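Below is one structure, written out as structure tokens; comments come after it.
No lab work stands behind these numbers, since they all come straight from the coordinates. Computed from a predicted model, the values in this text were never measured in an experiment. Virtual Cβ from ideal backbone geometry, glycine too; neighbours counted across all protein chains shown.
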2 protein chains.
Amino acid sequence: MSYALVQEEIKSALQVKTNMTKKLSELLQQLQPYDISEILREMEHRERLELIGSLSIPEAAETLEYLEPEIQYQILHHMHDSEASPLLKQMSSDTVVDMLLAIHPLQAEQMLRLLPEDYRKQINNMMTYPEETAGSLMTVDYISARAHWSGERTIQHIRKVGLEAEIISYIYVTSVRGELVGVVSLKEIILADPKTHLSEIATTDVIAVPADLEQEEVANIMSRYSFVSVPVVDHQHRLIGIITYDDLVDVIQEETTEDFQKLGGSQPLSEPYFKTSVWSLFKKRIVWLLILFIGGAYTANVLEGFQDATEKVVALSFFIPLLIGTGGNTGSQIVTTLVRALGVGEVKFQDMFRVMGKEVLTGCLLGVSLGAIGYIRAVMMGVEVEIGYIVSLSALFIVLWASLVSAILPLLLHRLNIDPAVVSGPLITTLVDGTGLIIYFSIAQMILHI
Amino acid sequence: MSYALVQEEIKSALQVKTNMTKKLSELLQQLQPYDISEILREMEHRERLELIGSLSIPEAAETLEYLEPEIQYQILHHMHDSEASPLLKQMSSDTVVDMLLAIHPLQAEQMLRLLPEDYRKQINNMMTYPEETAGSLMTVDYISARAHWSGERTIQHIRKVGLEAEIISYIYVTSVRGELVGVVSLKEIILADPKTHLSEIATTDVIAVPADLEQEEVANIMSRYSFVSVPVVDHQHRLIGIITYDDLVDVIQEETTEDFQKLGGSQPLSEPYFKTSVWSLFKKRIVWLLILFIGGAYTANVLEGFQDATEKVVALSFFIPLLIGTGGNTGSQIVTTLVRALGVGEVKFQDMFRVMGKEVLTGCLLGVSLGAIGYIRAVMMGVEVEIGYIVSLSALFIVLWASLVSAILPLLLHRLNIDPAVVSGPLITTLVDGTGLIIYFSIAQMILHI
């Protein structure tokens, strides 16, 4: 769909005051809230207000959910309180919390005044959970019921409060004191006799997450059990919110982005790319670059140690980048595969010997192939035949060595509870650079007797 | 939870025949189907059959869903037809299809005979969709209704057919010829008056995916709109299945794994790590290793070109690995960040100049820092002061050059519709290795006048 085209149509419908509502609502009906949000983002402030104003409250709220906190605030702030208040109430509570945390505390205070007192307290409470925990992801827009309610009564209850609920697939059963005692799916309620009490059909061993659990753990639990939502409880096992599947997808994407950046040899960025300043980018990157630079500087000493060999046969130095590069490439292939396999639980520490066996065997095949090509390459350059042998043998042994190191290191770190993603491509490359040089020059000394 | 402990309890409950059912059902009630599947996987064949036999049909079916196709088949195959048939019918159709595709066609034929004819035809049809398309992910266990039905009648219909449905959050409205004409959420039905016709509350501009759409695209659409399920249609816009959010999570995880492997400089594996043979690992990895090895071999020519310089000042060769390594590390940091940002749509081709500006500025800061450290390092080794200057200046320019190349390349490839993940860490490292050497030796020639 071309957003630009639809946007033009909407703009002109907003301008022509006659028949505007009909034309506009026809246009808007063809669009999902997400699409409207994409169009709205490109509009000017005044147009945004008019567009949001022409939507129903639930549509407007869902459209706002897809926008950045700053835009949400700008729109709500410029609306009349009598319009902004129901809209804010309709938005899901986790979105509201994210918005309030992104704006100035005084502005947040103003916004909070638009909400009824009870809800304001809940929101205030939600704002206290640290980032990347279950508490910071949850919404309070869930449906709870009592164990002695019948299916019929529960459905009546949903009719009353369901509009503001983010998800009605699960109904959470709580005690008088608010403790989570059961969960029952709407499907079960509908399939059972309407007179059945919830206590008869509810699952009592509910899987719930504490509010301070890390978001990565929450995502693991939700995707393991294929939950559409998971309840969040406090230390007294009282139900305080739920986390829905769309947050799960966001968390997975966020954690994946972090892993990418770590594997690339950088500390993960805390903001999206364009929101990260040059100075922050520098700080996140310099840490590892410095470690690797200082660590990698030992290669200079290694080469100084083999200075005699290089001076006697200068052709040896030609193949340094190629050989150590190949070691790094092999290592990088293995490390990324293993870090991911550890992350999704395919590989565990106990599998160490299986992994080593597999990687060393594969390394043999790769080393022999590259060694053969290396020999041909060296001979083609017109260097002595001995140099060809040396390059070829070194390629084989460097690949084998890189395979072994890369197979062991991620598993070992995982075992020591260090995130294996710190074994980035750059780290493994730097590690095998120096040892690769030692292998290369040792073979050279043996064959050339220097 | 310790699975081993619960497993022991279950085993002994299975052995003691008296009171077995009571003790066992108590134990099983505390477990989710996922947990039971984990325990069952570690059991022997006979125990597996007994355990599955002691569950209700819906529980047994859900437990089977979490197991590998081979185990599913083994269990179903050894059950009496009268037990296997309802279980197979209860399992979600996408799981059944995956199982049938994993076993021998003759075995699949046998299994299919356990199903009623209509369903068998649907399953047979589903088996024809190629892997990684919408058709291969969909399930036929959805609920459809007619536009003239009232909410009340629809709920009655759900009561009748809902047990086998995988998800009842959305009801799909179809025409007499089976075309998808609308969608209505169960929430909307419950909140509306029971007499309301579906036609009054259904959304008519339904977002549906064609059966041959790639799974990555399907995942994008589902996560963009936060859908719990998305309908799949054929070329005549007839509803043929739905894809549910749990498949979305699986697809995201699968695609992420592929991206990891690509960024590590390997072709993505088509199977989990331990299921991939050494030979397959070799084939997936050798492609890029060879390309990089042959491509990287030009560094030997570059160094041969600067042979005079190396012979005159052998200390120059000491810093080769350190300097080109640093270029590669910088490139790797940028490339992984940008490939991910392109993947999630944070960065687009139009942002080229912004990205270049940001990266070159960051590169300046990084280059100056590393240059300073490089100078200190060279002086500490006791080489001449000029070499210190050369190493220091080279570090700065190599980092800048690597930043520029790494900023441009992923965006350019994305623009040319080539997956930017092919610009792996290893590729960028190999690319900037040779050019890094040219920068280094050119600066050396200028300063040393050689």
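Some values worked out for this structure:
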| quantity | calculated |
| --- | --- |
| Descending semi-axes in Å of the protein assembly as shown, equivalent ellipsoid built from Cα gyration tensor | 55, 35, 25 |
| Sequence-separation-based contact order of segment A:1-90, relative, with Cα cut under 8 Å and 6+ spacing, percent | 26 |
| Nm distances between copies for A:Val161, ranked from closest, using label points 7 Å along Cα→Cβ | 3.3 |
| Förster-model FRET efficiency, 45 Å R0, A:Asn124 and B:Ile418, C-beta, rounded to 0.05 | 0.35 |
| Alpha-carbon centroids, segment A:30-66 and segment B:65-138: separation in whole Å | 44 |
| Computed label-point distance, nm, for sites A:His78 and B:Asp250 using a 7 Å Cα→Cβ extension | 4.7 |
| Per-residue Cβ neighbour rank within 10 angstrom, fewest leading, B:Ile324, A:Ile123 | A:Ile123, B:Ile324 |
| For A:Arg415, label point 7 Å along C-beta direction: distances to other copies, nm | 4.9 |
| Likely footprinting exposure, B:Asp205, B:Asp118, fewest C-beta neighbours within 10 Å first | B:Asp118, B:Asp205 |
| Segment A:280-299 and segment B:384-405: distance between their alpha carbon centers, rounded to Å | 15 |
| Top of A:Thr330, A:Thr362, A:Thr244 by mean-square fluctuation, Gaussian network on chain A, Cα under 10 Å | A:Thr362 |
| Within segment B:315-359: backbone nitrogen closer than 13 Å to the B:Ile408 label point (7 Å, Cα to C-beta) | B:352-353, B:356-357 |
| Neighbour-count order for A:Trp149, B:Trp288, fewest beta carbons within 10 angstrom listed first | A:Trp149, B:Trp288 |
| Residue among B:Lys275, B:Lys348, B:Lys283 with the largest mean-square fluctuation in a Gaussian network model of chain B, springs linking Cα atoms under 10 Å | B:Lys275 |
| Bridge type composition, chain A - antiparallel percent by DSSP, nearest 5 | 80 |
| Subset of B:Lys262/B:Lys284; B:Lys262/B:Lys358; A:Lys262/A:Lys358 violating a 18 Å alpha-carbon distance limit | B:Lys262/B:Lys358; A:Lys262/A:Lys358 |
| Neighbourhood charge, 11 Å Cβ-Cβ cut-off, centred on A:Gln74 and excluding it, Lys, Arg +1 and Asp, Glu -1 | -1 |
| Estimated distance in nm for a label pair at B:Arg224 and A:Glu9, the labels positioned 7 Å out from Cα along Cα-to-Cβ | 1.7 |
| Three-way shape call for segment B:3-128 based on the alpha-carbon gyration tensor, with the a/c threshold at 1.5 | prolate |
| For the protein assembly as shown, share of DSSP beta bridges that run antiparallel, in % to the nearest 5 | 80 |
| Chain B: most fluctuating residue of B:Tyr273, B:Tyr375, B:Tyr440 per GNM, C-alpha cutoff 10 Å | B:Tyr273 |
| Separation of the B:Leu101 and A:Glu217 label points, Cα + 7 Å toward Cβ, nm | 3.6 |
| Rounded if a/c under 1.5, otherwise prolate or oblate - segment A:285-345, Cα gyration tensor axes | oblate |
| Three-way shape label, segment B:278-448, alpha-carbon gyration tensor, a/c 1.5 | oblate |
| For chain B: span of alpha carbons on each principal axis (Å, largest first) | 90, 59, 38 |
| FRET efficiency estimate (nearest 0.05) - Cβ-Cβ, B:Gln30 to B:Gln110, R0 35 angstrom | 0.50 |
| Exam field: B:Asn301 pseudo-label spacings to other copies (7 Å along Cα-Cβ), nanometres | 3.7 |
| Set of lysines near B:Lys187 by C-alpha distance (under 21 Å), chain-local residues within fewer than 8 positions excluded | A:Lys89, A:Lys160, A:Lys187, A:Lys195, B:Lys160, B:Lys195 |
